[in-house]
Amino acid sequence: MTGTDNIMKETKSTEQTIQLLRKIAVISGVVAFILCILIIANYIQVKRVDPLNTPAMSVMLERLKSNPGDDALRTEIRELDLLSRKAFFTSQWQIRTGGYILLVCLLVVIICMKWTEMIQPKIPPLPEEVKENFWELRKINQRWVIYTGIFLVTGSLVLAFLTYKEIGKTLQGQAASSVLAVDSSAINPAMDQETNLSQSDQQAPDQSQYAGNPSDSDGTIPDVTTDHTTISGTGTPSGDHQPASSSSAAISAQQYPSRQEVTGNAITFRGPDGNGVAYGKNFPVSWNGATGANIKWKAQLRLPGYNSPIVWKNRVFLSGASATKREVYCFNADTGEFVWLTDVSAVPGTPATAPKVDRETGLAAPTMTTDGQRVYAIFATGDLVALDMTGKIVWSKNLGIPQNHYGHSSSLIMYRNLLIVQWDQSKGASVKAFDGATGDLVWNTPRNVRVSWASPVLVNTGNRMELILAADPCVASYDPATGKERWKLDCIFGEVGPSVAYANGMVFATNEYAKTVAIKLGSPPQVSWETTDYMSDIPSPVANDKYLFLVTSYGAIVCYDAKTGEEYWVRELDDNTYASPVLVDDRIYLMDKAGVMHIFKADKVFASIGEPALGEGSVCTPAFSNGRIYIRGDQNLYCIGK
Amino acid sequence: MDLGKKNRTSHRKRKPVKKGIALAVLTLLFAWQMASTYAIQRFPKPEFESGYITPETLLPTPRAEILEVMDVAVLLMALSLVTWAVLKRRSRNLVFWISVFSLAYFGFYREGCVCSIGAIQNVTLALSSGSYIIPWTVLAFFMAPLVFTLAFGRTFCAGVCPFGAFQDLISWRPQKIGPQLNAVLGVIPYIYLALAVLYAATKTDFIICRYDPFVGIFRFDATFGMFLFAGVLLLSGIFIARPYCRFLCPYGVLLNWISRFSRHHMTITPSVCIQCRLCEDSCPYECIEKPVTVKNPDSRQTTLKKFILAILLMPFFMLLGGWTGSQLHESLALVNGKVWMANELLHPEKDASQPETIEMTAFKASGKPASELYAEAAEIIREFYIGGWIVGGFIGLTIGGLLAGRLMTRYRTDFEPNRGTCFSCVRCMDYCPIKS
Amino acid sequence: MHEGGKDKTVGRRTFIRNGVQISIAVGLGGIATLVATKAGGDEFVWQLDPSKCTQCGRCANSCVKSPSAVKCVHVYAMCGYCDLCGGYFLPETKILDTAAEHQLCPTKAIKRTFIEDPFFQYTIEEDLCIGCGKCVKGCDAFGNGSLQLQVRQNLCDNCNECAIARNCPSDAYSRVPADKPYLLNGFGKEKPDIT
């Protein structure tokens, strides 16, 4: 054996090892490549058809909904469900396991390569001497750096030129203008002389109209009358909201209805103040829908809606909505003639598909309101529209889809020129006020509450106007001019549907599963009494200065002493009641679901005055104006009276 | 309208029929609960008669803090070890195995997260934001490699950074890419660094983390786009060694400049270079500076003049860059969520058939007035305007600096690593015939 | 003379190098000190606030991990143990059983067990849960909100920049101290279980 042989042998075995390693590396590489392709294919497939969310499944579920008895379909759904879940989890497992195997394969390749490198005889090859000129290379490098710079500058400038929209400036302008609007409406008292003058000019006739209003001063409900007189007084003394209202009036330079006009018409859900108290005298107590007795007119409605009619002079307004359409209707109050209809479905920003709402709420549950110049309507789609008295849209906007699982149902209310929206949603609840003339947001106050279905109540509580809202977990009061929260009392919870009642310095709130609570206003407001015997789920309570009348959705009427909470009487109706009771002319009108109006004295003992039937079901609160009652039935709008 | 609320009592089997003492009791209990928690309690918790005990909600804890401290300890150990291996042992094998360990630990075990590269953004955010509290571990991950580099050169890149280690493993057939491509691609890390700092300072985004091609591989999970990017990068990494480190890594910019002035640095030969040229092609990263034997064709005077001119032009480059950057500030700002949303509100898409984006719905639901958002967005855009000037100025300075740097005359007689770009991978030492 | 010139150059170079070294060291020290004033010993982890969450479903797909580190967590103490569970059943379900066609969860990760009439316990099987939040939405709308989405900290990688946080439309994600890593409603405050 010679040395050369040895070396030869060694080289040969090394050569063999390298060959082997190469082979392993190649095989692993190929396996890795195939795996890679498979994983990518799997990934794309799962991304493309999400097995957990297939259209086939939703179609089948939809079919089952309409045909619950189809057992074959049930089996089919179960099979598809099992299959799709299996597909999902298997593909996840495949991707993960595939990933691990891929990693192992790559590791093998790398190890083989490194090994080869290590055992290969290291004889560094002497590189060929390349004549490269150092300075020349530098120059080239330098030149290319310059090219890069030029490219970057031109590229950026072209991009900037193509995309520049002056967003910064526009945004600054937008932010500044809206801040200005809020400023001037909420704080800035330094309006120029002229606007202040015109403002006081505007207010003067209001006051005189007020003071000289006979129907007010001989009002049947004494405490409300005192409210009125104080209202006319608040016009001039500088209450904390005074400068605000003066300047906001100056912005839109418009008049708002006098108290007389407010009480003479039916401009809001549950009476002019939203607290269930209506004004006027001589309302009918008997009628018959079947025979037509005492029914002045009856008009058919196109689209459904659970909102109540509102009345301004000789016009009646209401709204209706379907999944695709939203409409506002105007009728002649004297004749029942159809005056106009405005399709308000195309509000900018309105969702392409209406949100899912409960059948018993519908898409047009909120009652409209008016300031005598325009009527306002809001829908469960979040569309807020203002129309003039001829039906022309003045402004409209979408406030975003209300996050409300049954559907938005809080009615609108006006404070002077401000349109107030109680916007209680499951996330980001707020109360907002818009300028009636322009639709500009005047103030917006976030509310730390959960979604509610109650409507705002706007009452004069002695020396100031208070906007009182109820929602889980509190009853809260706001300055209607500025939106500033005045007080709040955590006392109710759950899915609050009933609005509050107010009379004589007492606020009454109720909700099923929570309690019925009476709050005595003052600083601070305190719970005067509470009960869990009767609570309302849907109808709102109503009160006068002595009694609280609570109606439950299953049809129990309870009369409590407003001050002490003593239960005077309970009466259970045969039918459910969804409409709220209205107190007018010392009587209470309560509509049950079957369409029978229960009229009884607002007194310590129960005394029925009449139980006239409409002849069709109704879940809407009636409206009272000028000796007539306007009732929205399931199909028709009725005007009762002479 | 009150009607909104559906009578849900009918859905519950234990519906209290009208009124009852049971309900009153439940309601009271329930009221108590309401006061104590901020939770929706529509249905009171039942009182079980069968002796059922409510199971506890299990809440697993996050990774123990001691393990985070261990990460820092491992980092410091790895840094010390690799520095020793580079400067004292001069062993490629040792460096290789340390890098494999780092890849396994910082890469696959820690899944690439806590990393020095990304820490740039946390440090920036900590400096710019009053409220952000940076964890000590992140600060340590940012500082330790910089300090080590100042003392010993870029040993961090050689064997600690998992990204570097990964690419080092797969650089089998490295090719030279030429001075042109080197010049162009060499600018990218500076831009990346500037943008990363801009977006972190404006609290917009951590772009380094977002567009990190390796973490996806480390955790076997990423978007398709990122996998594609990683795939392309790794495949190109076979022929262009360490593409991320050389042409993307923003942390590399800092390391590069600190390394140029480092106290110690690895040398190719332990003693005297004998000009054998064996190491000439050994560096896959083109970091070996060859001896400069040819005389500069430009006279000393001309070079000096050019150099002074370049220095004098520097403010002009910076201004031009800054102005360009400021022109682009809106496009840069649109990455910010608030600015995007404000823009969307301001210029709504014309196509009404498109469903509303979830962001838009969520914004509308938040009840936040648009004016507030506009004001915030306007402020962010203003920040971006200033940021645009700074970023542009920095890139201008970079380009000016790269030009001026290429003018400095440096005659060299030996083969030397480029102190800025050398990753201290020690490959060249294996080729050097002088071993002591 | 030539030699002397070279020495001078070398001397100057070393001087510059030392100067720059010291200034870099000082600079790094400066930054470190400045940042250190804002550094805290506390580690932070990502968590989502259920009271801000709108259950848009992005938690399921935005996480860098799949399946997502976000899972539905059941706070039993808040549960009403309803027979008709809004988090378990598809809306408008009439037959209250465990059939697939009645279940809301796409992966059937909620287990319904009978306790006593009329109460049922609902348990989340975490291995199956993908964090889509469908049940959370249902429970929020029709129940007590005892089902809540949370980042499960044993699964979360605690990325420097949370990919779900970036995609969250309602800003529900934030960094929270690692010693209080969950933000469950009605949990860890007063003891909700009063029986």
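Read-outs: derived from the displayed coordinates by stated rules, not from any lab. This is a predicted model, so every value here is computed, not measured. Virtual Cβ from ideal backbone geometry, glycine too; neighbours counted across all protein chains shown.
Per-residue mean of foreign Cβ neighbours for C:42-51 is 3 (Cβ atoms of other chains, 10 Å radius). Volume per residue of the convex hull around the Cα atoms, evaluated for the stretch A:289-431, comes out as 112 Å³.
Selection among A:GLY633, C:TYR122, C:LEU34 by position relative to the dipole of the protein assembly as shown gives C:LEU34 as farthest towards the positive end (Cβ unit charges, Cα centre).
Relative to its Kirkwood radius, the Cα radius of gyration of the stretch B:247-398 gives an Rg/Rh of 1.22.
Might you report the magnitude of the Cβ-based charge dipole of the protein assembly as shown about its Cα centre, with Lys and Arg at +1 and Asp and Glu at -1, to the nearest 20 debye? Each step should come with its number before you reach the end.
On the way: 123 positive and 115 negative charges, 1119 e Å.
Magnitude of the dipole: close to 5380 debye.
The packing ranking, built from the mean of other Cβ atoms within 10 Å per residue, places the peptides A:579-587, B:107-115 in the order A:579-587, B:107-115, highest first. Neighbours of B:SER131 by Cβ distance under 12 Å: Lys/Arg scored +1, Asp/Glu scored -1, total +3. Calculated translational diffusion coefficient of chain A (25 °C, 0.890 mPa s; Stokes-Einstein with Kirkwood radius over alpha-carbon pairs) equals 82 µm²/s. Once the mean of 1/r is taken over each pair of separate Cα atoms and inverted, chain C shows a Kirkwood hydrodynamic radius of 20.3 Å. Taking every residue in A:347-357 and counting other chain Cβ atoms within 10 Å of its Cβ, the average works out to 2. For peptide A:511-519, the mean count of partner chain Cβ atoms within 10 Å of a residue's Cβ comes to 3. Helices that extend 27 Å or more along their long axis by alpha-carbon positions and average at least 1.0 on the Kyte-Doolittle scale are, among the DSSP H runs of chain B, B:65-84. Between A:TRP569 and A:CYS559, the built amide H atoms are under 5 Å apart, and every one of these is 5 or more places off in sequence or on another chain. Here B:THR398, A:THR350 are placed in order of increasing Cβ neighbour count within 10 Å, fewest first, which gives A:THR350, B:THR398. Each of A:SER411, A:SER91, A:ALA476 was scored by the projection of its Cα onto the charge dipole of chain A, and the greatest displacement toward the positive side belongs to A:SER91; charges sit on the C-beta of Lys, Arg, Asp and Glu.
Listed by Cβ neighbour count within 10 Å, with the fewest neighbours leading, C:TRP46, B:TRP323, B:TRP257 appear as B:TRP257, B:TRP323, C:TRP46.
Using every pair of distinct Cα positions in the stretch B:111-258, the Kirkwood expression returns a hydrodynamic radius of 16.0 angstrom.
Using R0 = 41 Å, the C-beta based FRET efficiency linking A:PHE151 and A:ILE34 works out to 0.50. 3J(HN,Hα) couplings calculated from phi for the stretch A:308-325 with the Karplus curve 6.51 cos²θ - 1.76 cosθ + 1.60 (θ = phi - 60°) are, in sequence order, 8, x, 10, 10, 10, 6, 9, 10, 10, 10, 7, 10, x, 8, 10, 4, 10, 10 Hz; Gly and Pro show x.
Residues whose amide H comes within less than 5 Å of that of A:ARG326, counting only those at least five positions distant or on another chain, are A:VAL344, A:SER345 (H built at 1.01 Å from N in the peptide plane). Charged neighbours of A:ASN42, selected by a Cβ distance under 12 Å, balance to +3 (K, R count +1; D, E count -1). Only helices enter the 222 nm calculation for chain B: every DSSP H run of n ≥ 4 contributes -39,500 (n - 2.57), and dividing by all residues gives -18000 deg cm²/dmol, rounded to 500.
Can you give the convex hull volume per residue for the Cα atoms of the protein assembly as shown, as a whole number of Å³?
Cα-based convex hull of the protein assembly as shown, divided per residue, equals 206 Å³.
Computed over the alpha carbons of chain B, Rg followed by Dmax gives 29.9, 107 Å. With the simple spin-label model, which puts each label point 7 Å out from Cα in the Cβ direction, the B:ILE170 to B:SER91 separation comes to 2.8 nm.
For a modelled paramagnetic label at A:ALA352, 7 Å from Cα along Cα-to-Cβ, the residues of the stretch A:386-413 in reach, with backbone nitrogen under 17 Å, are A:401. Here's the list of lysines a cross-link from A:LYS139 could span, going by alpha-carbon distance under 21 Å and ignoring same-chain residues fewer than 8 apart: A:LYS131, B:LYS176, B:LYS290, B:LYS295, B:LYS305, B:LYS306.
Expressed in Å, the radius of gyration and Dmax of the Cα atoms of the stretch B:109-149 are 10.6, 33. Dipole size of chain A about its Cα centre, with +1 on Lys/Arg Cβ and -1 on Asp/Glu Cβ: approximately 2260 debye, rounded to the nearest 20. Among residues other than B:SER366 with Cβ under 11 Å from its Cβ, the summed charge is +1 (Lys and Arg +1, Asp and Glu -1). Restricting the calculation to Cα atoms, the stretch A:3-119 yields a radius of gyration followed by a Dmax of 26.0, 93 Å.
Want the number for A:TRP569 to A:GLU611: 0.36 nm per residue separation, take away the alpha-carbon distance, what's left?
On the way: separation 42, 0.36 × 42 = 15.12 nm, distance 1.85 nm.
That pair, A:TRP569 and A:GLU611, stretches by 13.3 nm at full extension.
Quick one: go through the stretch B:255-294 and flag any residue whose amide nitrogen is under 15 Å from the point 7 Å out along the Cα-to-Cβ line of A:LEU126. Only B:274-281 fall inside the zone, counting backbone N under 15 Å. With point charges of +1 on the Cβ of Lys and Arg and -1 on the Cβ of Asp and Glu, referenced to the Cα centre of the protein assembly as shown, which listed residue (A:TYR279, A:ALA365, C:HIS102) lies farthest in the positive direction of the dipole? My answer, from the dipole projection, is C:HIS102.
Applying 1/(1 + (r/R0)^6) with r as the Cβ-Cβ distance of A:ASN133 and B:PHE316 and R0 = 25 angstrom yields a FRET efficiency of 0.25.
Is there a quick way to get the dipole size of the stretch A:259-640? I mean about its Cα centre, with the Cβ of Lys and Arg at +1 and of Asp and Glu at -1; what is the value in debye to the nearest 20?
Working: 35 positive and 38 negative charges, 175 e Å.
The dipole magnitude comes to about 840 debye.
Amide H contacts of A:ALA481: none lie under 5 Å away among residues 5 or more positions distant or on a separate chain (H built 1.01 Å from N in the peptide plane; Pro and chain starts excluded).
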